[in-house]
1. If we count other beta carbons within 10 Å of each Cβ, what is the order of Asp34, Asp7, fewest first?
2. Treating cross-link reach as a plain straight distance, find the lysines whose alpha-carbon is under 27 Å from the alpha-carbon of Lys27, omitting any fewer than eight places away in the same chain.
3. Sorting Arg50, Arg2 on the 10 Å Cβ count, fewest up front, what's the list?
4. Could you please rank Leu47, Leu68, Leu4, placing first whichever residue has the fewest other Cβ atoms within 10 Å of its Cβ?
5. So what are the ³J(HN,Hα) numbers for the stretch 8-22, from phi and the Karplus equation (6.51, -1.76, 1.60; θ = phi - 60°), rounded to whole Hz, Gly and Pro as x?
6. Counting only helical runs of four or more DSSP H residues, what would the 222 nm mean residue ellipticity of the chain come to if each run contributes -39,500 (n - 2.57) and the total is spread over all its residues?
7. When all alpha-carbon pairs of the chain are counted, what percent fall beyond 15 Å?
8. May I ask you to list the GluC sites (Glu not before Pro) in the chain that are in a DSSP loop and have at most 14 other Cβ atoms within 10 Å of their Cβ?
Amino acid sequence: MRTLSADTSPCAEKIQIEIIRRMPSWKKLAVVDDLNETVKAFAISGLKQRHPEASPGQIRHKLAELILGEELANKVYGHAR
């Protein structure tokens with residue numbers, strides 16, 4: 001049997017899926033929110049490493065560019081440059 005993730009055994013994946021299915025909706029949303037915050041923190045860390053001279057406002061703008069694309073980020077956060 002093929003799994004969704006190459007590094008997960010079919011037995012482990014079956015258990016993971018069952019746990020997720022039994023979770024209440026609010027808990028699933030909380031897990032997704034935590035994952036989003038973690039990804040955002042990693043992105044900010046990478047931006048700070050690549051642009052050590054950037055101000056906090058510039059980092060927010062660069063993050064918005066990653067998430068929204070350059071055109072929309074400039075419309076929304078253009079003043080923060």
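1. Numbers: Asp34 10, Asp7 6.
Arranged by neighbour count, lowest to highest, Asp34, Asp7 become Asp7, Asp34.
2. Within reach: Lys14, Lys40.
3. Arg2, Arg50
4. Starting with the residue having the fewest Cβ neighbours, the order is Leu4, Leu68, Leu47.
5. So the Karplus estimates, Gly and Pro as x, are 10, 6, x, 5, 5, 5, 4, 5, 4, 5, 5, 4, 5, 4, 7 Hz.
6. Values: 4 runs with 60 residues, N = 81.
Only helices count here, giving -24000 deg cm²/dmol.
7. 70
8. Glu53
None of the figures in this text is laboratory data; all of them are computed from the coordinates on show. Remember, predicted model here, so these are calculated numbers, not experimental data. Using ideal geometry, Cβ is built from the backbone for each residue, glycine included, and neighbour counts are taken over all protein chains shown.
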